[in-house]
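The values are calculated or read from the model by the stated rules, or taken from the named source; none is laboratory data. From a predicted model like this one, the values you see are computed outputs, not experimental measurements. Quick reminder, even Gly has a Cβ in these numbers, built from the backbone with ideal geometry, and neighbours come from all protein chains shown. These area figures cover heavy atoms from the full protein model, side chains too; ligands, DNA and RNA do not enter into them. Shrake-Rupley method; radii C 1.70, N 1.55, O 1.52, S 1.80 Å.
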Amino acid sequence: MLALGFLTVILLGGIILSLPISSRTGNHTPFIDSLFTSTSAVCVTGLTTVTTKANFSNFGYIVIMSLIQFGGLGFMTWAVLVQLLMKKRISFYDRILIHEQMNEESFSGMVRLIIFVLKSTFLIESIGAVLLSFTFIPEFGLKKGIFYSIFHSVSAYCNAGFDILGEESLSKYSNSILVLLPIASLIILGGIGFNVFIDILKKKNYKKLRLHSKLVLTMTLILIVFPAIVIFLLEFNNPSTFMGKSLSYKSLSSFFQSITLRTAGFFSIDQSLLRESTSLFCILIMFIGGSPSGTAGGIKTTTFALVIMLSISEIKGFKDVEIFNRRIESNVVRKALTIFTISIIWILFVTFILSVIENKRIVDLLFETTSAFATVGLTRGITPRLSTIGKSLIIITMFIGRLGPMELAYAISKNKKIRSYKEANGNIMVG
């Protein structure tokens, strides 16, 4: 249901964006490009084969923003909202779908969770729009400035990375705290996860938070500070990016790059000018992504943490994986390892196919594929130059990345039988 819901909206969005009314020139947009844009918006990625500002009309902007909001909050969030407005009862099947979409531990309070998601989203996006309006209204005028503020607030909170500022994205605001800090804050809040928000509001004390919330907050802090320091050091003397710039510019740009890598897609630095060592490091951070139950993509911070802790436990000879003095169930660890493995295999597979059919550097293709899978939206400038097959592969990758590799595997799997027996033990050598 979730897979078909996303797919239906993507196709509908692609059809609408291909119409002349969605185009700035009044001509039809090639369907592959409109489908690519629709997929990128619903999957809150931000990759585009055409420049959003130059190609789409105001109507097209509204369609893209609507698709972003739909994709960021999820299919079931809007389905439940419609049912609530029509005063229909939320069935248990609907609650199961909400539970699956939001990655919740229990089935209780599903409707309350959806209501909280909607209220908190509109509140945070409104505050973000107000903060951005202090810059955009003086620059673009009242009506245009308000719309620009709303569009970029929605795009940032949903970790979509779409902008209507032109090919340079936020590069012209690379020294503007009034733009970069609100955008960065929206990205962080969107990527933390709604269930963590609820836990913080209820407990109001870090020590009393659930294990999941503690892990998410800890990993979020680490994955903001550590990448910012690494990017600052790697790019410090790069003549194409940081050399000759002020210390405040380098610090702010490193901080924003660290945050936008967490599946946001906005950029204040041209990604094609980064050193290859920096780009490879960025690929790792994009792969990790944000946290479960939020608007971010990637394998998720908790998945990455579990894989690392599993390795540490194995090295130390521990039987169980422990985090914050709590033992993690083996089925959760297996799921994390499965997501990690499937994700790497898919990214390498798509990168290999692209390297065969596209005449591009391998680091650019790996960067592009990881950005699509983790629904980041950053690019080293090769998206518009991909072939139709290449664009189609990236579309599929964005869809898999947004829905989740395991969820999609469950959706298309025909055999879900549970065995009533166990095979005899066997042994193989590894390592």
* Structure fact -> Note on PHE352: of the conditions (1) at pLDDT 95 or above; (2) closer than 24 Å to ILE269 by Cα, unmet is (2)
* Asked: Do you know which residues across the stretch 8-30 are open to solvent by 80 Å² or more (accessible area, probe 1.4 Å) and more than 18 Å from CYS43 (Cβ to Cβ)?
  -> ILE21, ARG24, THR25, ASN27, HIS28
* **For MET286: the one exception among (1) more than 22 Å from ILE344 (Cα to Cα); (2) in a helix (DSSP H, G or I); (3) among the hydrophobic types (A, V, I, L, M, F, W, C); (4) in contact with a Gly (Cβ under 7 Å, 6 or more places away or on another chain)** => (1)
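For (1) without any contact (Cβ under 8 Å) to a residue 60 or more places away in the chain; (2) in contact with a strand residue (DSSP E or B) (Cβ under 6 Å, 6 or more places away or on another chain); (3) among the small types (Gly, Ala, Ser); (4) buried (at least 18 other Cβ atoms within 10 Å of the Cβ), each residue gets a yes or a no:
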{"site": "ILE229", "(1), (2), (3), (4)": "yes, no, no, no"}
{"site": "SER240", "(1), (2), (3), (4)": "yes, no, yes, no"}
{"site": "SER258", "(1), (2), (3), (4)": "yes, no, yes, yes"}
{"site": "PHE266", "(1), (2), (3), (4)": "no, no, no, yes"}
{"site": "GLY289", "(1), (2), (3), (4)": "no, no, yes, yes"}
{"site": "GLY294", "(1), (2), (3), (4)": "no, no, yes, yes"}
* To do: Kindly indicate whether ALA41 is surrounded by fewer than 20 Cβ atoms within 10 Å (Cβ to Cβ), of a type in the set (A, V, I, L, M, F, W, C) and out of contact with any Asp or Glu (no Cβ under 6 Å at 6 or more places or on another chain).
  => no
* Asked: Hey, any hits in the stretch 110-125 for a residue that's open to solvent by 10 Å² or more (accessible area, probe 1.4 Å), without any contact (Cβ under 8 Å) to a residue 40 or more places away in the chain and farther than 19 Å from GLY74 by Cβ?
  -> no
* Asked: Quick one: which of PHE134, PHE194 is open to solvent by 20 Å² or more (accessible area, probe 1.4 Å) and farther than 20 Å from ILE285 by Cα?
  -> PHE134
* Structure fact -> Those residues of the stretch 66-87 which are surrounded by fewer than 22 Cβ atoms within 10 Å (Cβ to Cβ) and at pLDDT 90 or above amount to SER66
* Structure fact -> Given (1) open to solvent by 10 Å² or more (accessible area, probe 1.4 Å); (2) over 21 Å from VAL130 (Cβ atoms), SER176 misses just (2)
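Residues are listed down the side, and each one gets a yes or a no for (1) free of Cβ contacts under 8 Å to residues at least 24 places away in the same chain; (2) of a type in the set (D, E, K, R); (3) touching a Leu at 6+ places or on another chain (Cβ under 9 Å); (4) over 25 Å from GLY191 (Cβ atoms):
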residue	(1), (2), (3), (4)
LEU365	yes, no, yes, yes
GLU368	no, yes, yes, no
LEU378	no, no, yes, no
THR383	no, no, yes, no
ILE394	no, no, yes, no
THR397	no, no, no, no
ARG402	no, yes, no, no
* Exactly one of (1) in a helix (DSSP H, G or I); (2) within 28 Å of SER268 (Cβ to Cβ) is unmet by VAL376. Its number? -> (1)
* Residue identified as open to solvent by 60 Å² or more (accessible area, probe 1.4 Å) and part of a helix (DSSP H, G or I) among LYS245, LYS250, LYS207 -> LYS207
